[in-house]
1. Please give, to one decimal in nm, the separation of the simple spin-label points placed at residue B:79 and residue A:79, each 7 Å out from Cα toward the Cβ.
2. List the pairs from A:101/A:260; A:82/A:116; A:137/A:165; A:121/B:87; A:277/B:139; A:116/A:260 whose alpha-carbon separation is above 31 Å, in the order I gave them.
3. Provide the gained length on full extension for the span residue A:155 to residue A:172, in nm with one decimal, where the gain is 0.36 nm per separating residue minus the Cα-Cα distance.
4. Give the calculated FRET efficiency between residue A:163 and residue B:11 to the nearest 0.05, with a Förster radius of 51 Å applied to their Cβ-Cβ distance.
5. Give me a single rounded figure for A:266-278: the average over its residues of other chain Cβ atoms within 10 Å of their Cβ.
6. In nm, to one decimal, how far is the modelled label at residue B:124 from the one at residue A:50, with both set 7 Å along Cα→Cβ?
7. Quick check: pseudo-label points 7 Å beyond the Cα along Cα→Cβ at residue B:4 and residue B:139, how many nm apart are they?
8. Applying a 10 Å radius around every beta-carbon, put B:35-46, A:90-101 in order of their mean neighbour count, most first.
Amino acid sequence: MKKFRIIGFALLLVMALSSYSFAQRVDSGDGVVGDMAPEVEMRDLFSQWEMNGYPDYVGYVIYDNNLNKHVIGLVEGNQAGKDEILSQFSNPEGISFGSSKYSYNELLEVQNEISKDAQNKEGIYGVGVGWTTENGKVKGFGESGQEFRVVVTLDEAVYDEYASKYQAEYGDMVYLEKGSQAVPVEDSVGRGAEIGTMDAIEDKSNTGFYASIFVAMLALVSAGILINRRRTALVKQAANGEQVTESRPLTRGEVVSAVKESEIKPGDDLYDDILDKIKK
Amino acid sequence: MNNHDLKLKIEKFRDGDMDAFSEIYEELKIPVYTIIYRILYDRMLAEDVMQDIFVRLYKAPPSLQIDKPRAYIFQMARNLALDSKRKIKVSEPLADRGEPNNPSMEFLVSTRLDIESALKNLELEDREIVTMRINANMKFREIAELTKKPLGTVLWRYQRAIGRLREILSGGES
């Protein structure tokens with residue numbers, strides 16, 4: 001518990017310092033305001049998303065200490081989404097982009113479902129969208145180690161039961177971690193902690209804790225971003241029959257486009273046949 | 001054509017405007033037919049079901065109380081196609097009709113991969129979700145209502161299906 005509290009305080013401290021430093025530099029009027037523009041714009045964008053909801057192409061937003069930049073995880077590297085975000089920045093160098101398998105909105109939906117399901121269940125202590133910890137280290141998900149998942153903290157006694165249930169229903173959108181006794185549901189706090197109290201969250205349901213960080217939009221990443229994509233030979237036949245050879249796997253976006261293009265038209269005479277039937 | 005426009009068209013057609021009926025058909029023929037075809041994988045049967053749907057629509061247009069006539073029509077398409085598939089199952093398996101239902105990877109590779117073959121590799125429910133989402137532009141929430149599954153399950157199954165398609169179309173590896 002102490003360990004998590006320390007991590008928590010450290011994160012909050014950095015957040016507070018960041019905010020303080022940010023505010024100080026913005027308000028100083030000493031000519032550095034221009035340097036802060038990306039952060040100001042980032043804050044505005046976050047506020048806008050928090051108020052109006054996140055676009056479906058956003059999976060996560062974190063602050064990468066190594067890059068000294070905010071990183072926005074785009075679902076399937078959504079280029080249109082990236083363009084949309086960049087269009088709101090006068091200096092796009094202050095932000096970086098990553099890739100996310102799931103959108104934040106999708107994860108929230110799953111979180112809500114599991115939270116509802118867990119209301120009357122014994123042994124589920126926390127459900128949140130965010131990261132987990134492993135051997136005391138904060139750990140994200142996906143290839144980059146930055147992605148979010150729905151993290152469910154539950155008692156060891158019910159772990160196997162829910163592992164198979166949630167695995168079947170939600171696959172790798174959900175990550176289960178073992179925790180210990182928490183507090184009543186009615187003490188829930190925060191969007192990411194609909195079950196459990198802050199004590200429980202800090203102690204073991206870091207899900208809610210990190211979700212709260214997400215809300216603050218200042219999660220910290222101490223590790224650098226490592227992208228190591230396996231490259232494979234690919235033979236793809238496009239929907240139009242043309243064969244395309246590439247040296248990498250299709251992206252999910254390309255698969256979606258290919259399925260979209262593969263829609264099937266009925267015969268040209270079908271409408272006449274329908275009219276004939278109607279007349280009869 | 002969004003639900004609002006579709007409702008207006010239905011209202012016009014209800015008043016006897018056949019042009020409105022034709023426009024509804026033109027607008028919906030591809031997504032509706034794609035949904036049906038991906039359940040049946042038989043063009044003749046799919047066209048029979050398609051006729052059935054539009055004749056029914058003509059004779060009994062969706063009530064104006066229905067907020068989402070697009071989803072209503074897609075649901076009708078799905079139900080009738082599934083009924084038709086069940087009837088075939090009793091008399092003659094689809095796999096015996098010259099259109100393999102679950103081809104092996106060897107089959108896929110040797111006959112050049114295409115989207116339909118890859119889609120056939122998915123479970124029917126997953127294929128439906130992918131088709132309704134991508135080809136019929138339905139919202140996940142609408143698909144969840146239509147298939148009577150939790151939204152999260154629909155989201156997960158969709159993601160899993162896209163991942164599987166990606167795997168197949170990338171030559172079996174991801």
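1. 4.2
2. Numbers: A:101/A:260 19 Å; A:82/A:116 33 Å; A:137/A:165 27 Å; A:121/B:87 42 Å; A:277/B:139 33 Å; A:116/A:260 34 Å.
The answer is A:82/A:116; A:121/B:87; A:277/B:139; A:116/A:260.
3. On the way: separation 17, 0.36 × 17 = 6.12 nm, distance 1.95 nm.
Length difference between fully extended and current span is 4.2 nm.
4. Numbers: r = 51 Å, r/R0 = 1.01.
The pair residue A:163/residue B:11 has a calculated efficiency of 0.50.
5. Values: counts 13, 6, 0, 1, 8, 8, 0, 6, 13, 7, 2, 5, 8.
Across the residues of A:266-278, the mean count of other-chain Cβ atoms within 10 Å is 6.
6. 4.8
7. 1.4
8. Numbers: B:35-46: 21.9, A:90-101: 17.7.
Going by the mean number of other Cβ atoms within 10 Å, highest first, we get B:35-46, A:90-101.
Here, each number is a calculation from the coordinates, and none is a lab measurement. As the structure is a computational prediction, the values presented were derived from the model and not from experiment. No Cβ is skipped: glycine too gets one built from the backbone with ideal geometry, and neighbour counts run over all protein chains shown.
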